[in-house]
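One structure below.
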Protein chains: 2
Amino acid sequence: MRKVAFLGVGQTKVDEHWDKSLRELGGEAAFAAMTEAGLDRVEALFVGNMLSPLIDGQNQLGVLLSDWTGLWGQEAVKVEAACGSGAAALRAGMMAVASGELDTVLVLGLEKMTDRAGHDVTSALATAADADYEADQGVSFVGINALVMRRYMHEFGWKHTDFAPFSINAHANALHNPYARLQFTISVREFENSSMVATPINLLDASPIGDGAAAAVLVPADKVNGLDGRPRIVLAASAAATDTIAVHSRRDPLFLQAAYTSARRAYEMAGVDPQEIDLFELHDAFSIMAALSIEACGFAERGQGPRLGLDHEIHPGGRLPICTRGGLKARGHPVGATGMYQVVEAVQQLRGGCGETQVENARVAMTQNIGGSGATVLTHILKVD
Amino acid sequence: MRKVAFLGVGQTKVDEHWDKSLRELGGEAAFAAMTEAGLDRVEALFVGNMLSPLIDGQNQLGVLLSDWTGLWGQEAVKVEAACGSGAAALRAGMMAVASGELDTVLVLGLEKMTDRAGHDVTSALATAADADYEADQGVSFVGINALVMRRYMHEFGWKHTDFAPFSINAHANALHNPYARLQFTISVREFENSSMVATPINLLDASPIGDGAAAAVLVPADKVNGLDGRPRIVLAASAAATDTIAVHSRRDPLFLQAAYTSARRAYEMAGVDPQEIDLFELHDAFSIMAALSIEACGFAERGQGPRLGLDHEIHPGGRLPICTRGGLKARGHPVGATGMYQVVEAVQQLRGGCGETQVENARVAMTQNIGGSGATVLTHILKVD
């Protein structure tokens, strides 16, 4: 297998982009990444997206975007793993380059969610769950996460307010990210008094939806030279794993087995231990998911995820900086695009360009993107090479 | 890149499977392929599907099927390129094995379409077209193909009846395929008198929808031994290309540029000329698409596709056998599964197990799967090795 490197990245602000069509939104991030890479053409396009058939009445996002971005004739395809679609597209693109089949690949995470009313989006998001045994029984996606959070609090003795540091950290970091949807800070009091969504998950436990696109150009590492002084960043590990799709089928619904498996594979592939990870862009769709990811990836004991936040270890100067650009919670969660936002943000950190939220001497970054309630999990490790 | 071989294939009958859920239907083909491969576990699952979010309210078919088939923990993802999803999943799975990243991959094409009323399916299929500039203007997917067929007849002087041999051949072959949906023959008179769908496309120009699943296990070719006397079949070429998504954007709407490009790449990769292809499983969603594919792939001059049928060259004993197991027209077209049916049928031919419709001494088979109206095209060449 050939080593794969990043030649350019790009993103749009996560927002309500009512003035842009699906292709215009995706094109913005694609052009930004290609411009930074110094290419006006790539051999193939891999698009990660979850909801466009349901929200936009559009399938075949591969060719929709290859057509729009002027990649006429080139190979293009869409990859879908619910909210893990972005990282799943990255992994497919990585394998295409690693195999020697392709030399220049553009990976694009793209989602446009705000053109429809809230209940339409809630129904569309429920397609990430098991249609027969979860969604059709009337439980929404946030409802499933609420059941998990309630049980976790009961089992390990946490209060709701113990999860506040996750959301407070995310918002504090988003304040300095011009691409974030929610660029404001929040307090513990605001966290506690926020309106309830599905007990115990309130509005400030939950990530906001949004329209967004993020992209990266991948090439064989040995073809990268002349990055204008920027460090060469390689994809040191890519790993995917699954759990059962329905949460109730799991032996232990409070442990993210697929996150554990994919993180273990990624550590092995990259040749690093958890303590060597300089920052971790995790999948905090809900605050409970931040806690569970931290535990599954070996950064805390079972049931002790919230401790890292309470001990002030998750901010950019802490032991395990997470959500350094705002995370899903405050940068926003345009579902199929999220995995690629995480990767673009990891690249920004490894280049040292994150200003107030820069992690000092960051050399190794991990991203973890989750489809469904821990059903499909993809872990990537990026390194300055 | 490592050479990739088929270790086992499996399929379900294309039909109205109202008694089977989406996972049960996919599981049937997956288990059949794994049983034939002699494996009870593979490292990863690639699912090709187009409509499950719209018809079944289910996304994340990767983990839905890895969960159902007992591949707990393993990597799983869905690939989508409208009606080209099956072959797009095959190509993603091929690259995963070729790269050395994975050693055993199951590729599954799966679609369940008949649980909803006809107008729901028509709307869902329109998501293969350009939502902004085709579907939202009120033209259905068959309508787009009808415009192309009418212009083709005008431009090259063909009558509707000249397309009859495509459908007659497909039905004649499906009669001998127990997995085909329409196992009966049709006459020229029936073809001419069939009810109109969208002028000039009538019911017997059009492939029927259906529920179906087809699967294959891929492994590195050097790990294949002991196939109980069956020949070793390798994936000698895999190529993908795109055109514009909307037909009206094309310089020439009567030429399948992406079919031409991907076929040319495939010939080069496999080291064969068009005349060395022993059989061609093409994408006859409509009879006009059969003619255009034959031309784009170099088997007939521009505008002369129907000639091969009129000259009796497309049946299993002819110069270019097509649709040897019934094609989309008579085996049926469960859209996201179709590309994998074509591949399973090509494997059956190369093994010599097709009875009355066996192509004698078949050594090289080509499959071509199309997403949208020629927007995404994937061409694969299989060889007895």
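The values are calculated or read from the model by the stated rules, or taken from the named source; none is laboratory data. Computed from a prediction, not measured in an experiment: that's the story for all the values here. A quick note on method: Cβ atoms are made from the backbone with ideal geometry, for glycine too, and the neighbour counts reach across all protein chains shown. When the accessible area is computed, the model is the full protein with side chains, heavy atoms only, and any ligands, DNA or RNA have been set aside. Shrake-Rupley method; radii C 1.70, N 1.55, O 1.52, S 1.80 Å.
How much of the DSSP beta bridge set in the protein assembly as shown is antiparallel, as a percent to the nearest 5?
If I count the DSSP bridges inside the protein assembly as shown, around 70 percent turn out antiparallel.
Accessible area lost on pairing A with B, both sides, 1.4 Å probe, Å² to nearest 100?
4400
Roughly what % of Cα-Cα distances in the protein assembly as shown sit above 50 Å, to the whole percent?
Percent of Cα pairs beyond 50 Å in the protein assembly as shown: 13.
Considering chain A as a Gaussian network with a 10 Å cut-off on Cα pairs, which listed residue, A:Asp284, A:Asp252, A:Asp120, attains the greatest mean-square fluctuation?
Highest fluctuation of the listed residues: A:Asp252.
Identify the residue of chain B whose Cβ lies closest to the rotation axis that maps chain B onto chain A, and give that distance in whole Å.
Taking Cβ atoms only, the nearest residue and its distance are B:Ser99, 2.
Could you work out the mean projected area of the convex hull around the alpha carbons of chain B, in square nanometres to one decimal?
It is 16.8 nm².
Would you kindly work out, in nm and rounded to one decimal, the distances from the label point of A:Gly100 to those of the same position in each other copy, ordered shortest first, with label points 7 Å along Cα-to-Cβ?
For A:Gly100, the other copies' label points sit at 0.9 nm, shortest first.
What's the center-to-center distance, using Cα atoms, between the range B:186-216 and the range B:42-75 in Å?
Cα centroid to Cα centroid, the span is 30 Å.
For B:Leu71, tell me the accessible area in Å² from a 1.4 Å probe, rounded to the nearest 10.
0
Classify the range A:29-90 as rounded, prolate or oblate, taking a ≥ b ≥ c as the square roots of the eigenvalues of its Cα gyration tensor: rounded when a/c is under 1.5, otherwise prolate if a/b is larger than b/c and oblate if not.
Prolate is the answer for the range A:29-90, as a/c is 1.5 or above and a/b outweighs b/c.
Sum -39500 (n - 2.57) across every DSSP H segment of at least 4 residues in the protein assembly as shown, then divide by the residue count to get the 222 nm mean residue ellipticity, nearest 500.
The helix contribution divided over the protein assembly as shown gives -10000 deg cm²/dmol.
What whole-number volume per residue, in cubic angstrom, does the convex hull of the C-alpha atoms of the range A:10-164 give?
164
Compare each residue of the range B:60-109 in its chain alone against the assembly with all protein chains, and report those whose accessible area goes down by 40 Å² or more; 1.4 Å probe, heavy atoms.
SASA drop of 40 Å² or more in the range B:60-109: B:Gln60, B:Val63, B:Asp67, B:Gly73, B:Glu75, B:Val77, B:Lys78, B:Glu80, B:Arg91, B:Met95, B:Ser99, B:Glu101.
Put one equal scatterer on each alpha carbon of the range B:238-385, apply the Debye formula with no solvent term, and list log10 I(q)/I(0) at q = 0.14 1/Å to two decimals.
After summing over all Cα pairs, the log10 values are -0.59.
Just going by the charge dipole of the range B:195-333, with Lys and Arg at +1 and Asp and Glu at -1 on Cβ, which of B:Tyr267, B:Ala246, B:Gly229 is farthest out on the positive end?
So the residue we want is B:Ala246.
Using the eigenvalues of the Cα gyration tensor, what equivalent ellipsoid semi-axes result for the range A:93-197 when each is taken as the square root of five times the eigenvalue, whole Å, largest first?
That gives 31, 24, 17 Å for the three semi-axes.
Normalising by the residue count of chain A, find the relative contact order in percent from Cα pairs under 8 Å and 6+ residues apart.
26
Just report the Cα centroid separation between the range A:96-138 and the range A:290-320, whole Å.
Going from one Cα centre to the other spans 27 Å.
If you roll a 1.4 Å probe over chain B with all protein chains in place, what percent of the accessible area is carbon or sulfur?
Roughly 49 percent of what the probe reaches on chain B is carbon or sulfur.
Can you list the distances in nanometres, one decimal and ascending, from the A:Arg232 label point to the identical position in each other copy, with the point 7 Å along Cα to Cβ?
Nearest first, the other copies' label points are 3.6 nm away.
Which three extents, in angstrom, do the Cα atoms of the range A:158-249 have along their principal axes, listed largest first?
Computed over the Cα atoms, the extents are 52, 39, 27 Å.
Using only alpha carbon pairs under 8 Å that are at least six residues apart, calculate the relative contact order of the range A:10-130 and give it in whole percent.
Dividing the mean separation by the residue count of the range A:10-130 yields 32 percent.
Along the range A:234-241, what does the Karplus equation 6.51 cos²θ - 1.76 cosθ + 1.60 (θ = phi - 60°) give for ³J(HN,Hα), rounded to whole Hz, x for Gly and Pro?
Each residue of the range A:234-241 in turn: 10, 8, 6, 7, 9, 9, 10, 8 Hz.
Just to be sure I understand: if I project the alpha-carbon convex hull of the range B:335-383 onto a plane and average over all orientations, what area do I get in nm²?
For the range B:335-383, the mean projected area of the Cα convex hull comes to 3.7 nm².
Counting DSSP beta bridges in chain A, what percent are antiparallel, to the nearest 5?
Bridges in chain A that DSSP calls antiparallel: roughly 70 percent.
Can you list the residues, at least 5 places off or on another chain, whose amide H is less than 5 Å from the amide H of B:Asn177, using H built in the peptide plane?
Distant-sequence amide H within range of B:Asn177: zero hits.
Can you find, among A:Thr199, A:Ala126, A:Met94, the residue farthest towards the positive end of the dipole of the range A:79-207? Put +1 on the C-beta of Lys and Arg, -1 on that of Asp and Glu.
A:Thr199
For B:Ser249, go 7 angstrom from Cα along the Cα-to-Cβ vector, then report the distances to that same point in the other copies in nm, smallest first.
Here the equivalent label points are 3.9 nm apart from this one.
What whole-number value in Å² describes the accessible area per residue of the protein assembly as shown for a 1.4 Å probe?
32
Once you have the Kirkwood Rh of the range B:237-295 from its Cα pairs, apply Stokes-Einstein at 20 °C and 1.002 mPa s and quote D in µm²/s.
172
A 30 angstrom limit on the alpha carbon distance is what I want to check against. Which of B:Lys223/B:Lys329; A:Lys20/A:Lys329; A:Lys78/A:Lys329; A:Lys3/A:Lys78; A:Lys13/B:Lys112; A:Lys13/A:Lys383 exceed it?
Correct reply: B:Lys223/B:Lys329; A:Lys13/B:Lys112.
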